[in-house]
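The values are calculated or read from the model by the stated rules, or taken from the named source; none is laboratory data. All values derive from a computational prediction rather than experimental measurement. Cβ sites come from the backbone with ideal geometry, for glycine too, and all protein chains shown count toward neighbours.
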Amino acid sequence: MADQPFIITIGGGKSVLPENDGRVVDLVRLSPVYGPTALLLSDPDEVRRLAQWPVAIALREVWRFVGMPLLIEDLGFLDRTILAGAQDGIIRPQQIERLYDALRAAELEPARLPAGANFFDDGTPRLVSSRLPSLPAVAKEEGRRYWKLQQLTERDASLSKEAKRLNALRHGTFTCEACGFANANAAMLDAHHPTPLMIGIRTTIAEHLEILCPTCHRRAHRTPDRLKPVPLHELKKWCADGRR
């Protein structure tokens, strides 16, 4: 799993939605962390939906195949034997290689799925039982609400400082990850929470944050749903299109 973290999902089985049956749906990058489903997911509705699978593997990223091509009609497979026995661990290397070749030029888009549990994943394979992987010393708890004339959301300035330091190491100076604006003054850029603090208390590490210029940061939060900021790949496209 750690050496080959990518899997392709294909619609099949008794519970598959009719519109997904026989279609190649997602490309998934797995985390090497696995354990109780209820521990690895933060959405109680999703936990109930997946109750029949008490053990799960955490997901790092999920991309959807645009158009979700049909295994037979679009990709040219003669049948669906690639799915037969998959739940029992039966592997058909030749068909898997053919599937990858058929999808090599396929277009992908980020999939919006319920958020997983918030934990630090350093890439080390591990089984969790009752506690999620421990976090590095620079991790701080954020999101507690307190009253000071009006309700404010607690932030930790050291996380912003560390995120900007890591950004400068990657780019040579403090740089907006969306538009490329760069400046030697860290105060000219913001540390953006892709998962808004208003969702609630969580533990944050510097790697969770994105460094944006004030304009891109404001654009990220200009969405109908305040809980779903504009993702970084869409911000980059907005900048490439002239910020229109």
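Within the range 162-192, restricting attention to residues that are without any contact (Cβ under 8 Å) to a residue 24 or more places away in the chain and surrounded by 15 or more Cβ atoms within 10 Å (Cβ to Cβ), which residue is farthest from L235 (Cα to Cα)? The selected residue is A168. Among the residues of the range 150-186, those that are of a type in the set (G, A, S), at pLDDT below 95 and over 21 Å from the mean Cα position of the chain (by Cα) comprise A157, S158. The single residue among L212, L197, L227 that is in contact with a strand residue (DSSP E or B) (Cβ under 6 Å, 6 or more places away or on another chain), surrounded by fewer than 19 Cβ atoms within 10 Å (Cβ to Cβ) and under 25 Å from D121 (Cα atoms) turns out to be L197.
The residue of the range 1-24 that is modelled with the lowest pLDDT, among those that are of a type outside the set (S, T, N, Q) and under 15 Å from P125 (Cα atoms), is M1. Among the residues making up the range 20-58, those that are assigned to a helix (DSSP H, G or I) and touching a residue at least 24 places away in the same chain (Cβ under 8 Å) are N20, L39, L40, D45, E46. List pairs: first residue in the range 212-237 and without any contact (Cβ under 8 Å) to a residue 12 or more places away in the chain, second residue surrounded by fewer than 17 Cβ atoms within 10 Å (Cβ to Cβ) and not in a helix (DSSP H, G or I) anywhere in the structure, Cβ distance under 6 angstrom, at least six positions apart or on different chains. Taking only residues 6 or more apart or on different chains, the pairs are V230/T223.
In this entry, A240 is excluded by the filter for residues that are within 23 Å of E162 (Cβ to Cβ) and either in the same structural domain as A168 (by TED's automatic domain parsing) or not β-branched (V, I, T) (or both).
For the structure I just gave you, tell me whether Y146 is modelled with pLDDT under 85 and either more than 18 Å from the chain's Cα centre (by Cα) or surrounded by 14 or more Cβ atoms within 10 Å (Cβ to Cβ) (or both). When the stated conditions are applied, Y146 passes them.
Yes/no per residue for (1) over 16 Å from the mean Cα position of the chain (by Cα); (2) assigned by TED's automatic domain parsing to the domain that holds I72; (3) at pLDDT 90 or above; (4) within 22 Å of R92 (Cα to Cα):
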site: D26; (1), (2), (3), (4): no, yes, yes, yes
site: G35; (1), (2), (3), (4): yes, yes, yes, no
site: A38; (1), (2), (3), (4): yes, yes, yes, no
site: D43; (1), (2), (3), (4): no, yes, no, no
site: V47; (1), (2), (3), (4): yes, yes, no, no
site: W53; (1), (2), (3), (4): yes, yes, no, no
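Is the range 93-103 home to any residue that is modelled with pLDDT under 90 and in a loop (DSSP other than H, G, I, E, B)? No, the range 93-103 contains no residue that is modelled with pLDDT under 90 and in a loop (DSSP other than H, G, I, E, B). Residues of the range 220-234 being over 14 Å from M198 (Cβ atoms) and within 14 Å of the chain's Cα centre (by Cα), which ones? Correct list: V230, P231, L232, H233.
Do the conditions hold for E97, that is, is it loosely packed, with under 14 Cβ neighbours inside 10 Å, among the charged types (D, E, K, R) and farther than 29 Å from P125 by Cβ? In short, no. Looking across the range 23-43 at every residue that is small (G, A, S) and surrounded by 19 or more Cβ atoms within 10 Å (Cβ to Cβ), the one that is nearest to A106 (Cα to Cα) is identified as S31.
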